[in-house]
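For reference, the structure discussed in these notes is given below.
The values are calculated or read from the model by the stated rules, or taken from the named source; none is laboratory data. Just so we're clear, the structure is a prediction, and the values are computed from it rather than from any experiment. So basically every Cβ, Gly included, is an ideal-geometry build from the backbone, and we count neighbours across all protein chains shown.
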Amino acid sequence: MSQNTLHAVEAQPSDISTTEANNPASPKRKKLFAALAAAIVLSGAGYGGYWYLIGSHYVSTDNAYVAAETVQITPSISGTIREVRVTDTQSVRAGDVLAVIDDTDARLALAQAQADLAKAERRVHGYLATDQSLQAQVIAREAEQNRAAAQLASARADLERTKLDLSRREALAQSGSVSGEELSNARTALANAEANLRTANAAVAQAEANRAAAIGAMKANAALTVNTTLDTNPEVAAARAKLQQAQFDLERTVLRAPVDGVVAKRQVQVGQRVQAGAQLLSVVPIQEAHVDANFKEVQLKDVAIGQPVELTADLYGNKVKYHGTVAGFAGGTGSAFAVIPSQNATGNWLKVVQRVPVRIALDPQELKAHPLRVGLSMTATIDTSAGAREQVASN
C-alpha cells in the first residue's frame, strides 16, 4: 500500500467527526425519532389497554331501525262506509272512532233476531202448557179405559145371564111350560148379549189405544222441555245467541282504535263497499316502538338478554341518547326469512357474514320526550359486560 493511500484511510475518521460537528441537527433528529417511537408504543399500549378493559365489552351497529307492532284495522262485517273520521298522520287514542259502516242492515237483523227470540219463548210456553194438557188427557184416557173394562165385565155378566135364561126356557119348552115367543125372546137376548160383549171388548181395545197415544204424545212433547226451563230451552238459547250476534254486528259497524297511536296507510273512503277482513287502515303505536338491530353473527358471542343498550337516532343526531335493553333474538338470520333466500349449496358459494335481528326495548319516557317513527335509522351499542348471561346460543 502506498503512502498516499494510507494517508487517505487514516484521514477518514477525522472527516466523519468533522461532518458531525458541522451537522448539529443529528442528535435532535435521533431524539425526535425516539420520542415518536415512544409515542407510538404508548399509544398502542393505551389503545390495547382501552380495548381490553373497555372497548372489547361493547358491540355496535348502525344497521338498526325503529319498529312497532302495527295494528291493522279490518271490519268484522261487510257494508258500505258511511263516515271516515281520521286521516293519515293523525294521532288517535284507544277507543276513538275511526270509521262508521252504514248500520241499516244491522238494525234490521237485530229487529228480526228480537222477534225470533220472542217467537221461540212463546213456542216454549206452548210446549209447557201442552205438556200439562197431555198429562190431563192421559188421566182421562185411563178413566175411559177403566169404564170400558167395567162395561166389558157387565157385558160378560149379561151374556152369562142370557145363556142361563135361554137354557132354562129351552128345558121348559119341551114340557110346553114356555111359549115359543118367550123362547125366541130369550134367544134374541142372548144374541144381543154376545153383541154387547163384542162391543165392550172393542171399547176396551180402543181405550187402551187412546191411552197409549196420549202417553206417546205426552212423551214427545216432554222431550222438547225435559230438564230445561224457559231460559235454558235450546230453542230459546239459539234465538238468544242470534240476538247477541245481531247486537255485536250492530256494534261492529263502528270501528274504533284498539290502541293509542298514529294513523297510517289509510285506504278507505266514504261510500266504499268493504268486505269483512279487508284492510282499511293501520294504527302505529309509536309510544311502544322498539328497535330491531341487525348485528353481525361474530358480534353476538357475549350479547345476552337484559344487557343495556345506548342508541342514537339519525333524526336527532348524537345529542339525543336513548337507553334500552336487549329484549330478545330473532329465530333466524335476516337472509333466512328473505323472500328469495340465498342458495348456499352451489359451486359458486361465497361465505357472507350473516346478521341476526336483535330486539331492543326502549325507555317509554325517552320515547315520550323524543318520539320516533317506524323505519327510522338508529345506531345501537350494547354493553356486553353487564346484564343477564343468556346468550343467543342458548336461545
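Give the residue that is farthest from Leu243 (Cα to Cα), with candidates limited to residues of region 97-113 that are surrounded by fewer than 16 Cβ atoms within 10 Å (Cβ to Cβ) and among the charged types (D, E, K, R).
Looking at the filtered set, the residue picked out is Asp102.
Just one of (1) under 49 Å from the mean Cα position of the chain (by Cα); (2) of a type in the set (A, V, I, L, M, F, W, C); (3) surrounded by 13 or more Cβ atoms within 10 Å (Cβ to Cβ) trips up Val138, so point out which.
(1)
Before we move on, is Gly328 within 12 Å of Pro357 (Cα to Cα) and modelled with pLDDT under 90? Even if it seems obvious, please write down each step before you answer.
Values: within 12 Å of Pro357 (Cα to Cα): yes; modelled with pLDDT under 90: no.
When the stated conditions are applied, Gly328 does not pass them.
In this structure, does Lys265 turn out to be among the charged types (D, E, K, R) and in the same structural domain as Ser385 (by TED's automatic domain parsing)?
On the way: among the charged types (D, E, K, R): yes; in the same structural domain as Ser385 (by TED's automatic domain parsing): no.
No.
Give Asp116, Asp131 a once-over and let me know the one that is in the same structural domain as Arg211 (by TED's automatic domain parsing), at pLDDT below 80, surrounded by 15 or more Cβ atoms within 10 Å (Cβ to Cβ) and in a helix (DSSP H, G or I). Even if it seems obvious, please write down each step before you answer.
Working: Asp116 fails: at pLDDT below 80.
After applying the criteria, what remains is Asp131.
Note down all Cβ pairs under 8 Å where the first residue falls in region 156-181 and is within 29 Å of Thr199 (Cα to Cα) and outside the structural domain of Asn196 (by TED's automatic domain parsing), the second is surrounded by 12 or more Cβ atoms within 10 Å (Cβ to Cβ) and modelled with pLDDT of 75 or more, and they're at least six residues apart or on different chains.
Listed pairs, sorted by first residue: none to list.
Mind checking whether some residue in region 199-210 is in the same structural domain as Glu144 (by TED's automatic domain parsing), loosely packed, with under 15 Cβ neighbours inside 10 Å and closer than 19 Å to Ala118 by Cα?
no
State the number of residues belonging to region 84-107 that are in contact with a helix residue (DSSP H, G or I) (Cβ under 9 Å, 6 or more places away or on another chain) and either assigned to a helix (DSSP H, G or I) or hydrophobic (A, V, I, L, M, F, W, C) (or both).
So the answer is 3.
Could you pull out every one of the strands (runs of 3 or more DSSP E) wholly within region 289-366 that has 3 or more residues that are within 33 Å of the chain's Cα centre (by Cα) and surrounded by 15 or more Cβ atoms within 10 Å (Cβ to Cβ)? Lay out the reasoning, then the answer.
Working: elements: 290-296, 308-313, 317-329, 355-362.
The qualifying strands (runs of 3 or more DSSP E) are 290-296, 317-329, 355-362.
Given (1) free of Cβ contacts under 8 Å to residues at least 60 places away in the same chain; (2) not in a helix (DSSP H, G or I), where does Ala241 come up short, assuming only one miss?
So Ala241 meets the others, but not (2).
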